[in-house]
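Nothing in this text is a laboratory measurement; each read-out follows from the coordinates by a stated rule. All of these numbers come straight from a predicted model, not from anything done at the bench. Backbone-built Cβ (ideal geometry, glycine too); neighbour counts: all protein chains shown.
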Amino acid sequence: MKRAFDVVACALFLVVFSPILLLIIVAIRLQSPGNAIFAQIRVGKNGRPFTCYKFRTMHSGTANLPTHQVQASAVTALGESLRRLKIDELPQLWNVLIGDMSLVGPRPCLPSQIELVEARRRLGVLEVRPGITGLAQVGGIDMSDANRLAEIDAQYVRSQSLLGDFGLIWDTLRGKGVGVDQVVRCNK
């Protein structure tokens, strides 16, 4: 049932909002050189790597690091708005359609985040598809504390339900967890 909901909801969204998505692509390309869509290898269900897509919010050539390790100066002006409103995640609807992700689940991490991957493996979190939004994101928990994040993700896995997923989607749409951007901010 969850998979069917994911596919139908994503397909409808992509059809209805494709003109807006195309405008975002054009705006990104006009603001800074490089591809508008950012592709990055992430850890998926059962620990299988997959390519995760996002709108590019950082300057081309930024190091491939977890967000909480990236300097705020790497984020473009448009990228800051896209990140704050979580619009940068919309290309992941394609990941949902092809079965790499779900609308709701633990956020996929980088393979280099070994502590988080192992904690998730130990707690059974890798047994589910990662999501565009989830319990940790709505709660404002980022990936900088691997064990805390894995515990919250495991809590989601143990209690997940379609009704619970609707609640997390609703909370996300209402802005809960929006604005939590953990890039490194320092004065230079």
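Computed quantities for the displayed model
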| item | result |
| --- | --- |
| Environment charge at N64 (Cβ cut-off 15 Å; Lys +1, Arg +1, Asp -1, Glu -1) | +3 |
| Span-like helix ranges in the chain, DSSP H, alpha carbon extent 18 angstrom or more, Kyte mean at least 0.0 | 2-31 |
| Positive minus negative residues near F38 (Lys, Arg vs Asp, Glu; Cβ under 13 Å) | +3 |
| Computed over segment 2-173: relative contact order in percent, which uses C-alpha pairs under 8 Å that are six or more apart | 21 |
| Principal semi-axes in Å for segment 2-173 [√(5λ), Cα gyration tensor, largest first] | 25, 20, 14 |
| Radius 15 Å from Cβ of N147, net charge of other residues (Lys, Arg +1; Asp, Glu -1) | -2 |
| Set of aspartates and glutamates with alpha-carbon distance to K2 below 16 Å, sequence-local pairs under 8 removed | D100, E127, D165 |
